[in-house]
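To start, the structure itself, in structure tokens.
The values are calculated or read from the model by the stated rules, or taken from the named source; none is laboratory data. All figures in this text were calculated on a predicted structure; none of them were measured in a lab. Note that each Cβ is placed from the backbone with ideal geometry, even for glycine, and that neighbours are counted across all protein chains shown. Areas reflect the complete protein model, heavy atoms only, side chains present, ligands, DNA and RNA absent. Shrake-Rupley method; radii C 1.70, N 1.55, O 1.52, S 1.80 Å.
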4 protein chains.
Amino acid sequence: MIIVMKPGAAERQVGAVLRHAESLGLRAHLSNGDKTSIIRVAGDDRRLDASGFLALKGVDRVIPIQHPFKLASREAQQRDTIVRVGGLAIGGRTFTVIAGPCAVESAEQTLEAARRVKKAGAHILRGGAFKPRTSPYSFQGLGPKGLEILSRARAETGLAIVTEVMSAEDVSLVAEHADILQVGARNMQNFNLLDAVGRQKRPVLLKRGLMSTVEELLLSAEHILSRGNRNVILCERGVRTFEKYTRNTLDISTVPVVKRLSHLPILVDPSHAAGVRDYVAALARASVAVGADGMMIEVHPQPEKALCDGPESLSPDEFDRLMKDVRRIARAVGRRLAR
Amino acid sequence: MIIVMKPGAAERQVGAVLRHAESLGLRAHLSNGDKTSIIRVAGDDRRLDASGFLALKGVDRVIPIQHPFKLASREAQQRDTIVRVGGLAIGGRTFTVIAGPCAVESAEQTLEAARRVKKAGAHILRGGAFKPRTSPYSFQGLGPKGLEILSRARAETGLAIVTEVMSAEDVSLVAEHADILQVGARNMQNFNLLDAVGRQKRPVLLKRGLMSTVEELLLSAEHILSRGNRNVILCERGVRTFEKYTRNTLDISTVPVVKRLSHLPILVDPSHAAGVRDYVAALARASVAVGADGMMIEVHPQPEKALCDGPESLSPDEFDRLMKDVRRIARAVGRRLAR
Amino acid sequence: MIIVMKPGAAERQVGAVLRHAESLGLRAHLSNGDKTSIIRVAGDDRRLDASGFLALKGVDRVIPIQHPFKLASREAQQRDTIVRVGGLAIGGRTFTVIAGPCAVESAEQTLEAARRVKKAGAHILRGGAFKPRTSPYSFQGLGPKGLEILSRARAETGLAIVTEVMSAEDVSLVAEHADILQVGARNMQNFNLLDAVGRQKRPVLLKRGLMSTVEELLLSAEHILSRGNRNVILCERGVRTFEKYTRNTLDISTVPVVKRLSHLPILVDPSHAAGVRDYVAALARASVAVGADGMMIEVHPQPEKALCDGPESLSPDEFDRLMKDVRRIARAVGRRLAR
Amino acid sequence: MIIVMKPGAAERQVGAVLRHAESLGLRAHLSNGDKTSIIRVAGDDRRLDASGFLALKGVDRVIPIQHPFKLASREAQQRDTIVRVGGLAIGGRTFTVIAGPCAVESAEQTLEAARRVKKAGAHILRGGAFKPRTSPYSFQGLGPKGLEILSRARAETGLAIVTEVMSAEDVSLVAEHADILQVGARNMQNFNLLDAVGRQKRPVLLKRGLMSTVEELLLSAEHILSRGNRNVILCERGVRTFEKYTRNTLDISTVPVVKRLSHLPILVDPSHAAGVRDYVAALARASVAVGADGMMIEVHPQPEKALCDGPESLSPDEFDRLMKDVRRIARAVGRRLAR
């Protein structure tokens, strides 16, 4: 790391920084500029605590040289991680499509959605059994019963299943039914949950918090990776800004940024970002072209009857049309959809 | 709620909205304007799902009339909630001071901090035993051992204790040692945790998420209240913006906004908002003047040795000086500090 | 507009609202709900001042029904506006490419850039003669001499020219040399400038302010349109958020949002959004797929020697490669590039 | 500045950076770390262009050491700037109160407002003659006639006058009538206007853009200072965030931040920040306590009849009450109001 002293910092303040580095067993190199002293401290920035230096008098800034994540970084692993789920390969040159309703509402609704998205070419079924809801008065999901319905949908259609897990104690239950465990945006920094999904085998779909930087997303991935689970799939789903015409602002740049900094696959969820059905297809098309490894789309047999996220859910027919565009654009950018 | 149709929406689209209301057992009143139809639907907006209407064709917007929170609202309870902790009354005309280190690092450091903040006039000791950390490589707290140190600090100084609880399964353990359970900013929408602290008796200090709206803060309070625990204390600690000179942007307007909309007490944490020691005292002074019910300040016997948040921690001497200002301003705005 | 009274507002407060509407010559319709009165006021919301109502006691909210822009709206004009510049048609089914350096630095640099982007297939040359710079110590542009260089580049290559105008008094000078006048992001709400470009004939490229909503962008377009100039081209160039890996956050949803709300063409500028060369091509590909009417790319013969925006400028070879991708994706989404 | 190479950057890439520095006549010092090379370049960062270095291959980041502003910095001038307007001294230990209506609507309204705010203890009258309005259909101000009304108000009450100037060509006209020229938030980066007010003698009140960083605010002040006008007063008026209960988010930390980095006086405008009358007084109280040099409050004789900003304007009686609080808090923090 680099420590920049305040202009005109006293010599004994510089001395205190050097001694602090020494006390931590670190080599420090001082460079005196015209007015400003700069100290380079060698070592692994991820394990060093910048705040000890920052708290010293006369220190202006502490600048880490290395990225704070390690296992998640491109430097730790040059080649792309490919996450295998049944016969599917997420990452690499394929483009994976996850689709289904926001929530599992009934066996009928879920099976109908599963059949339709399967037929249109989706690879994985989404559907929430445990639902994190801002209001305590909203539908909270069917819970364990919802998981069973998802298992039936898999048995019937052959689609893999991804569903959200909301707390550490539910991890093993959800892992019995799901092929991929989803950590939702609101739980991206629920570190107990990250540790729990990191200590089991199922792949994890980690959604970016609507208030989180990409650096924090990669650090949350690092929590999971560092517990032993290397099958992490990232997902951009829009961040919170001042713009009002969309529910969130899809930060599409996340895709090339993650591709450069990390080896982990990254998907885009345009449904939650837009919050309005009319914009979902355009954003989905952009997601293919920008280089995402897949997308996650809300589809409901009858959006107007959905217990959540109806306004942004595509009908099965709209999803059919979108899939045709997706295939064409995927070809144009050298990607292919499984099957 | 009010449903605004798109301009020129077809009559049968308006009809579908009316029928949907009817199917939910709700009275609907149609008003046809020059170009735009508007439908008022009677009933409790908190229990109605706007998204079912929004998903209907021809609907432009659905506007709720009522606030989405209920038990937390000023309408549900006119008088201020006063939370009693030992002999302390949080809320009303008193101004309560919480102070202490970011993390419990050792018995020595915690007891030294406790003695000094007690002497300066603080009422409650803060200190983290379980620490949510962005990086898996940072100090994660002493855990149960930290809780025991806090208990010793209470026994020795008589200060009440507030400390963070990070997961539902730790609630009962933390509640054995703490007088107030803190739900941290990153867990403000960890609904399993909110439910768990809502089902026990200890008062809860609920910190605003760093990118949560005040409405969402009040909805998270509502989760706790609706489980039966009425002793909720809110805390503003800065939100995330584009500004770089401070770690977060203290949203001081939250205080008058919450005072108008809710009966719950609200504190300000200027330390986490600023992230820089030099700004903490000025923001603390503003917090008294704006009408907060108290403040929460990081104080460390030796900030440069702190294992977390050293750069924003006041030294005990700096805290002494701040407390003198706080008393003077409190008097000027008609508040008093306990003791 | 709809006026929502506070719950339990007094009858005489409701009366005051009705009288205020009457005094403005407006029809008002009162609907009394369980606890909340709602008043619908007929008339053109764009010419009504909501704030007069909002300032009345007992009023909780005033909700406009219509969009605040009119000439810019899809309702005012169903078919897409196509802006003609020489033989080019911006909007409709074509995809238009603007490319060139951030600033005109010399005749040599500009002509070299012009030849290379022309050869790669660009339609319009960009280059700043007047440069708005955050710091007074940065290069401010060549001014009138820069405009002459641009004229030479057009004469030599046949490319149309777009360049920024920074103040009302420069409009006629810039209009002598440029085919399209650019209003930069920092001037999106410089209303004197909007009026000046609205009162002349050249098409205007209006960039979204990095702190502006899409509604405000359309209102700034409305300023220009209402002065008589109907040839307005919008441009999304990234907004300011908390994310740090990119200079700004490209709000790609702006494209489908504008397509739905307005008939004006909209371009995307991925260079300014990203601020980092490595991400520009991916974002450009997304811009084609999302349905933009064109893109604006910074290209410099020697990015490392550029006097501004070198880090985000593509080299001519990189631009060549990008254009191949752009053509392929354009075909996949049913667009074509001129020539 | 410090140049951080990418990990594993090639030796010849490091060489190119050193040669680039040399070609600019700068001394460069190379430090090779474990994996990362760092180059310190001596010289005035304000005049160096970081982007030339950033555009070189292998460069990861360029970190300026100095603040980009100079004349505005505390290092350039240790003691506080005190701006003198008639008998008033803005800055130092006094607290200055500016009050009045959003817009000059008529002689009657303006004079009535002037008398009332004068009587309550305000020092300067505010009122807009030229109004920047988001919509072309809103009231745009009385223009030159408004300026004359302000002159009359000064003649009658003795209050100094501050009013907004929207374009370079209006500067001399406005300067004939006003004691202080206001540059509004939307024009904070209208560099032609900044240059024009910098080249004349009247003090300038520079409002922070609603999505500008404090660094950019100080750079805009630098534009004015570098043209020769040293009488610049800064004003925080709220920034744009995701929070919806207030129109903008008052960034109260700006006050201690500016006090540390700059010698210029800084005021707070709680009226525009809140956008809601009920919150203005609390925020004004916080502004005194936080250490601002003054405040700017919208007061209208009849808020419900105001042509703009009625909802956030205080009535004269409300302003009277606020001034009593302000005096008490000012005393508590060691400030006094003139007269």
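If D:Gly15 passes every condition in (1) more than 8 Å from every other protein chain (Cβ to nearest Cβ); (2) small (Gly, Ala, Ser); (3) without any contact (Cβ under 8 Å) to a residue 12 or more places away in the chain; (4) not in a helix (DSSP H, G or I) but one, which one does it miss?
Status for D:Gly15: all satisfied but (4).
Can you find, within the range D:315-339, the residue that is modelled with the highest pLDDT among those that are under 19 Å from D:Val162 (Cβ atoms) and not in a helix (DSSP H, G or I)?
Looking at residues that are under 19 Å from D:Val162 (Cβ atoms) and not in a helix (DSSP H, G or I), I get D:Leu337.
I need the full set of residues from the range A:72-98 which are at positive phi, open to solvent by 20 Å² or more (accessible area, probe 1.4 Å) and modelled with pLDDT of 95 or more, in order please.
To start, the set of residues in the range A:72-98 that are at positive phi comprises A:86, A:91-92.
After this cut, where a residue has to be open to solvent by 20 Å² or more (accessible area, probe 1.4 Å) as well, the list is A:86.
Result: no residue meets the conditions.
Read through the list (1) crowded, with 17+ Cβ neighbours inside 10 Å; (2) under 19 Å from D:Asp309 (Cβ atoms), then give the number of the only condition that D:Gly143 fails.
Status for D:Gly143: all satisfied but (1).
When you go through (1) more than 30 Å from C:His67 (Cβ to Cβ); (2) surrounded by fewer than 24 Cβ atoms within 10 Å (Cβ to Cβ); (3) not acidic (Asp, Glu) one by one for A:Val288, which number turns out not to apply?
Exception for A:Val288: condition (2).
Keeping to the range B:130-145, report how many residues are in a loop (DSSP other than H, G, I, E, B) and away from every other protein chain (no Cβ under 14 Å). Even if it seems obvious, please write down each step before you answer.
Keep residues of the range B:130-145 that are in a loop (DSSP other than H, G, I, E, B), which gives B:130-143.
With the extra rule that they be away from every other protein chain (no Cβ under 14 Å), the set shrinks to B:142.
The qualifying residues number 1.
So in the range C:259-285, with the set limited to residues that are in a helix (DSSP H, G or I), within 22 Å of C:Gly127 (Cβ to Cβ) and open to solvent by 20 Å² or more (accessible area, probe 1.4 Å), which one is modelled with the lowest pLDDT?
C:Arg277
Would you be able to tell me the number of residues in the range A:225-245 that are at the interface with chain B (Cβ under 10 Å from one of its Cβ atoms), over 23 Å from A:Arg277 (Cβ atoms) and charged (D, E, K, R)?
So the count comes out to 1.
Only one of C:Thr163, C:Thr134, C:Thr110 is at pLDDT 95 or above, of a type in the set (S, T, N, Q), closer than 27 Å to D:Arg227 by Cβ and touching a helix residue (DSSP H, G or I) at 6+ places or on another chain (Cβ under 9 Å); which?
C:Thr163
Of the conditions (1) facing another protein chain (nearest Cβ under 9 Å); (2) open to solvent by 20 Å² or more (accessible area, probe 1.4 Å), D:Lys118 fails just one. Which one is it?
The failed condition is (1).
Those residues that are surrounded by fewer than 13 Cβ atoms within 10 Å (Cβ to Cβ) and farther than 9 Å from A:Gly58 by Cα, I need them from the range A:7-17; list them, please.
A:Glu11, A:Arg12, A:Gly15
Search the range A:161-173 for residues being over 12 Å from A:Gly127 (Cβ atoms) and touching an Asp or Glu at 6+ places or on another chain (Cβ under 9 Å), and hand back the single one that is nearest to the other protein chains (Cβ to nearest Cβ).
A:Ser167
What single numbered condition from (1) facing another protein chain (nearest Cβ under 10 Å); (2) farther than 16 Å from A:Ser253 by Cβ; (3) among the aromatic types (Phe, Trp, Tyr) fails to hold for C:Phe319?
Evaluating C:Phe319 over (1) facing another protein chain (nearest Cβ under 10 Å); (2) farther than 16 Å from A:Ser253 by Cβ; (3) among the aromatic types (Phe, Trp, Tyr) leaves (1) as the failure.
Quick check: is even one residue across the range B:175-198 within 29 Å of A:Gly238 (Cβ to Cβ), in contact with a strand residue (DSSP E or B) (Cβ under 8 Å, 6 or more places away or on another chain) and among the basic types (Lys, Arg)?
No - not one qualifying residue is present in the range B:175-198.
Any residue that is small (Gly, Ala, Ser) and either in contact with a Phe, Trp or Tyr (Cβ under 8 Å, 6 or more places away or on another chain) or at pLDDT 95 or above (or both) - is there at least one of those in the range A:36-53?
Looking for residues that are small (Gly, Ala, Ser) and either in contact with a Phe, Trp or Tyr (Cβ under 8 Å, 6 or more places away or on another chain) or at pLDDT 95 or above (or both), one finds none in the range A:36-53, hence no.
May I ask you to verify whether A:Ala289 is free of Cβ contacts under 8 Å to residues at least 60 places away in the same chain and at negative phi? Break it down stepwise before answering.
Working: free of Cβ contacts under 8 Å to residues at least 60 places away in the same chain: yes; at negative phi: yes.
Yes.
Conditions (1) within 19 Å of A:His67 (Cβ to Cβ); (2) touching a Phe, Trp or Tyr at 6+ places or on another chain (Cβ under 9 Å); (3) not basic (Lys, Arg), marked per residue:
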position: D:Arg19; (1), (2), (3): no, no, no
position: D:Asn32; (1), (2), (3): no, no, yes
position: D:Pro68; (1), (2), (3): no, yes, yes
position: D:Ser73; (1), (2), (3): no, no, yes
position: D:Gln78; (1), (2), (3): no, no, yes
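How about the range B:50-67: which of its residues are under 26 Å from the mean Cα position of the chain (by Cα) and either among the aromatic types (Phe, Trp, Tyr) or farther than 14 Å from C:Ile63 by Cβ (or both)?
Listed by number, the residues that qualify are B:Gln66, B:His67.
Go through C:His29, C:His67, C:His20 for me and flag whichever is open to solvent by 70 Å² or more (accessible area, probe 1.4 Å) and not hydrophobic (A, V, I, L, M, F, W, C).
From the options C:His29, C:His67, C:His20, the qualifying one is C:His29.
Can you name the number of the only condition in (1) open to solvent by less than 40 Å² (accessible area, probe 1.4 Å); (2) out of contact with any Gly (no Cβ under 8 Å at 6 or more places or on another chain) that C:Val104 fails?
C:Val104 satisfies all of (1) open to solvent by less than 40 Å² (accessible area, probe 1.4 Å); (2) out of contact with any Gly (no Cβ under 8 Å at 6 or more places or on another chain) except (2).
Within the set of pairs 6 or more residues apart or between chains, which connect a residue that is facing chain C (nearest Cβ under 7 Å) inside the range D:201-224 to a residue that is β-branched (Val, Ile, Thr) with Cβ atoms less than 8 Å apart?
Once the first residue is facing chain C (nearest Cβ under 7 Å) and sits in the range D:201-224, its partners that are β-branched (Val, Ile, Thr) give D:Leu210/D:Val239; D:Met211/D:Val239; D:Glu216/C:Thr134; D:Leu219/C:Thr134.
So which residues in the range D:301-312 are buried (at least 24 other Cβ atoms within 10 Å of the Cβ) and more than 7 Å from chain C (Cβ to nearest Cβ), if there are any at all?
Of everything in the range D:301-312, just one residue is buried (at least 24 other Cβ atoms within 10 Å of the Cβ) and more than 7 Å from chain C (Cβ to nearest Cβ), namely D:Glu312.
Take the range B:286-314 and flag every residue that is at pLDDT below 95 and not in a loop (DSSP other than H, G, I, E, B).
Residues satisfying the conditions are B:Pro303, B:Glu304, B:Lys305, B:Gly310, B:Pro311, B:Glu312.
Which one is least open to solvent (accessible area, probe 1.4 Å) among residues in the range C:146-169 that are over 30 Å from D:Leu71 (Cα atoms) and in a loop (DSSP other than H, G, I, E, B)?
Among those residues, the one meeting the criterion is C:Leu159.
Of all the residues that make up the range B:32-64, how many are outside any loop (DSSP other than H, G, I, E, B), surrounded by fewer than 19 Cβ atoms within 10 Å (Cβ to Cβ) and more than 14 Å from chain A (Cβ to nearest Cβ)? Give the derivation first.
Our first condition is that a residue be outside any loop (DSSP other than H, G, I, E, B); within the range B:32-64, this holds for B:32, B:37-41, B:50-54, B:59-63.
Subset that is surrounded by fewer than 19 Cβ atoms within 10 Å (Cβ to Cβ): B:32, B:60-61, B:63.
Then keep just the ones that are more than 14 Å from chain A (Cβ to nearest Cβ); that gives B:32.
Residues flagged as outside any loop (DSSP other than H, G, I, E, B), surrounded by fewer than 19 Cβ atoms within 10 Å (Cβ to Cβ) and more than 14 Å from chain A (Cβ to nearest Cβ) within the range B:32-64 amount to 1.
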